[in-house]
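**Student:** Below: one structure in structure tokens.
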Amino acid sequence: MRRILLWSLLLCALLFYVLPIYVMVANGLKSADTVSLSTMWKLPVTVGLGGFGEAWRMLSPNLLNSFAMVIPAAVISSIIGALNGYVFSKWRFRGSEVLFALLLFGFFIPYQAILLPLVRFLQWIGLYGTLPGLVLTHIVYGISVTTLLFRNFYVAIPRAIVEAATVDGAGMLQAFWRIMLPLSLPAFAVTLIFQFTNIWNDFLFGITVVPNPQAQPVTIALNNLSGSFSVDWNVVMAGAVLAALPTAMVYLGLGRLFVRGLIAGAVKA
Amino acid sequence: MIGRTLGPRKQGLLLLLPSLVLTGIFVYGFVGTSFFFSLTNWRTLAVDLSLREPLWQTYADMLRMPRFQADLRNTFVFTVLFIGFSIGLGLTLAILLDRAIRGRGFFRSVFLFPYALSFIVTGVVWRWIFNPETGINLFFEILGINRVLTTVGIGPLAPGWTTDPSVVLSVNQALAAVIPGGNTFQVEWGVPVALIPVAIAATWQLSGFVMAMYLGGLSGIGQAVRDAARIDGASEFRLYRSIIIPMLWPITIATAIILLHVSLKIFDLVFAMSGVGPGFATDVPAIFVFEMMFKAARYNLGAAASMVMLVLSCLIIVPYLIRLVRKGE
């Protein structure tokens, strides 16, 4: 009796979580003349990749933009975060905790509160409307969370290891390079995944920093696609699948690291 | 070389310097600039940075706007619905999966999956699921619910979801009785029906995260606690209700703070799913700021609204950061 209750609850929940995915995939696979909102719950009669082809044609430049944005932004913000986390965990000095808190503040603010000066600033330095401008934005506002993730990771590494290196005459940076960096691979994996997901899924910076549709990341292009009445519905749903695919693949492939970043970023602070 | 000439504090500061400078400009400098903009006369495309007379007039204007009042109401209602749904569902799922059953890992992965997606993807899909002409409403036809309801004389069930402009459970009269001048509210204080589907979509996306948080907490509660309770004759229900859920309280607080932080800033999901909604029923401060700054060129007004968002967020963040500093020192 209890088992029946347990399983029926779990299956209901499963239905709730899978339904939107089903709508995306099933309708994306329908052809333009068979897709219709009134049959949105039905399985495709004939499976075709026409919708995906069309969505790819419309979104591939933006998918490439997203990759061109997310890769440098995630990598550079992680490297800066590693250095900061190293100092904040292994070289604490008077006032360093306050500096850390001041830095961390940037992760929590609503970005609306910096948007207007940010846009003016990027216009001033000539990066407004460009991918490099967007990359710079994501790096700067990513520093706080990458610092947090690395600091939490480094706290668990004994200080003695670093001290031993510095006694041997290595400077702070050399000790980082020789001792900490080789130990940091798991932290880099977690942080890179965290940043990849965050930056790929961003919408606010993309839509405000890059007004030119050709240069926009895929989340903005998908939203435009979905609001356009001239685009067939199977293309919109196929487009949603394409935009979701990179982060979904990361999640499915590296799920354990994904969850670790999630929890580390959330509670251990 | 530097390593041997400077003390550790100086070296540390040197390494931190780029980040500190960037944060100083992009976070603190820009927040200060936004605040300054909110006090100026800059409300057209032509930049006008003269201070407004009286100084706080833009804020006063904004708080009197029916739309902004609706935004504040919506933020509040959305927060309550979204956090309530997400914690309720996430906790339930964690408890269901807190046992050795077949497919445990599978269920966990599926429930957490939406968290990896963008709010835009979620919004684009749920927008059609809550489309009044089709979507969920088709099920009422397919399952024969409408046929039954029509035969008993109630008529078919066809909620308008995000297109429904009505506000239920209005408390305006109660507010007018308690707060002096409470009868001057421009909006109905209640639950905008159109916000419910948005809260459901947000729950779909984040309840898996809540479940992951609780599963982490549950794995820390040892078998000894469970065994002791069972020996005392506690039922499974009592075990969770009286022992385990209270033990999970710190996780509930941490999770609620994170969700609160999401809901105060919510933008993309609403933008993609329902927009401002009928009569601003699903409008939120983040959309207000965006439209004032990038569509209406009312820069001072947009900046003022963003300051309200910032203050609301600070109410949660600042105590958290202060505790962090204290704990570290």
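**Student:** Of the residues B:13, B:49, B:17, only one is open to solvent by 30 Å² or more (accessible area, probe 1.4 Å), touching a strand residue (DSSP E or B) at 6+ places or on another chain (Cβ under 9 Å) and farther than 30 Å from residue B:221 by Cα; which?
**Tutor:** B:49
**Student:** Then there is this: Just to be sure before I move on: is residue B:269 over 25 Å from residue B:37 (Cα atoms) and within 8 Å of chain A (Cβ to nearest Cβ) in the structure I sent?
**Tutor:** No, not satisfied.
**Student:** While we're on this one: Consider residue A:55 against the criteria (1) of a type in the set (A, V, I, L, M); (2) crowded, with 20+ Cβ neighbours inside 10 Å; (3) under 18 Å from residue A:136 (Cα atoms): it satisfies all of them except one. Which criterion is unmet?
**Tutor:** (3)
**Student:** In addition: Tell me whether the range B:187-201 contains one or more residues that are open to solvent by less than 60 Å² (accessible area, probe 1.4 Å) and within 11 Å of another protein chain (Cβ to nearest Cβ).
**Tutor:** Yes; the residues of the range B:187-201 include at least one that is open to solvent by less than 60 Å² (accessible area, probe 1.4 Å) and within 11 Å of another protein chain (Cβ to nearest Cβ).
**Student:** Answer with yes or no whether residue A:88 is under 30 Å from residue B:11 (Cβ atoms) and in the same structural domain as residue A:186 (by TED's automatic domain parsing).
**Tutor:** For residue A:88, the condition - under 30 Å from residue B:11 (Cβ atoms) and in the same structural domain as residue A:186 (by TED's automatic domain parsing) - is met.
Yes/no per residue for (1) in contact with a helix residue (DSSP H, G or I) (Cβ under 6 Å, 6 or more places away or on another chain); (2) within 19 Å of residue B:21 (Cβ to Cβ):
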| site | (1), (2) |
| --- | --- |
| A:140 | yes, yes |
| A:147 | yes, yes |
| A:155 | yes, no |
| A:174 | no, no |
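**Student:** Filter the range B:60-102 down to the residues that are without any contact (Cβ under 8 Å) to a residue 12 or more places away in the chain, within 14 Å of chain A (Cβ to nearest Cβ) and part of a helix (DSSP H, G or I) and list them by number.
**Tutor:** Result: B:88, B:92, B:96.
**Student:** Just to be sure I understand, how many residues within the range B:73-109 are under 28 Å from residue B:35 (Cα atoms) and surrounded by fewer than 18 Cβ atoms within 10 Å (Cβ to Cβ)?
**Tutor:** Final tally of qualifying residues: 1.
**Student:** Continuing with the same structure: Is it the case that the range B:116-132 has a residue that's open to solvent by 60 Å² or more (accessible area, probe 1.4 Å) and of a type in the set (Phe, Trp, Tyr)?
**Tutor:** no
**Student:** Could you give me the residue pairs with C-beta distances under 7 Å whose first residue belongs to the range A:76-101 and is within 7 Å of chain B (Cβ to nearest Cβ), whose second residue is among the acidic types (Asp, Glu) and not in a helix (DSSP H, G or I) wherever it lies, and which are 6+ apart or on separate chains?
**Tutor:** A:97/B:329
**Student:** Which of the numbered conditions does residue B:136 fail, given that it passes all the others? Conditions: (1) open to solvent by less than 30 Å² (accessible area, probe 1.4 Å); (2) modelled with pLDDT under 90; (3) under 30 Å from residue A:37 (Cβ atoms); (4) not small (Gly, Ala, Ser).
**Tutor:** So residue B:136 meets the others, but not (1).
**Student:** Still on this structure: Exposed (fewer than 13 other Cβ atoms within 10 Å of the Cβ) and touching a strand residue (DSSP E or B) at 6+ places or on another chain (Cβ under 7 Å), is that true of residue B:39?
**Tutor:** No: the conditions fail for residue B:39.
**Student:** Under 6 Å by Cβ, and 6 or more places apart or on different chains, what pairs join a residue from the range B:43-59 that is assigned to a loop (DSSP other than H, G, I, E, B) with one that is open to solvent by 70 Å² or more (accessible area, probe 1.4 Å)?
**Tutor:** B:43/B:298
**Student:** Can you name the condition, by its number, that residue A:220 falls short on among (1) among the aliphatic types (A, V, I, L, M); (2) assigned to a loop (DSSP other than H, G, I, E, B); (3) facing another protein chain (nearest Cβ under 10 Å)?
**Tutor:** Single failed check for residue A:220: (2).
**Student:** Then there is this: If residue A:26 satisfies every condition in (1) open to solvent by 50 Å² or more (accessible area, probe 1.4 Å); (2) more than 9 Å from every other protein chain (Cβ to nearest Cβ); (3) modelled with pLDDT of 90 or more but one, which is the exception?
**Tutor:** Going through the list (1) open to solvent by 50 Å² or more (accessible area, probe 1.4 Å); (2) more than 9 Å from every other protein chain (Cβ to nearest Cβ); (3) modelled with pLDDT of 90 or more, residue A:26 breaks only (1).
The values are calculated or read from the model by the stated rules, or taken from the named source; none is laboratory data. Model, not experiment: these values are computed from the prediction. Positions of Cβ are generated from backbone atoms using ideal geometry, with glycine treated the same way; all protein chains shown enter the neighbour counts. For accessibility, only protein heavy atoms count, side chains too; no ligands or nucleic acids. Shrake-Rupley method; radii C 1.70, N 1.55, O 1.52, S 1.80 Å.
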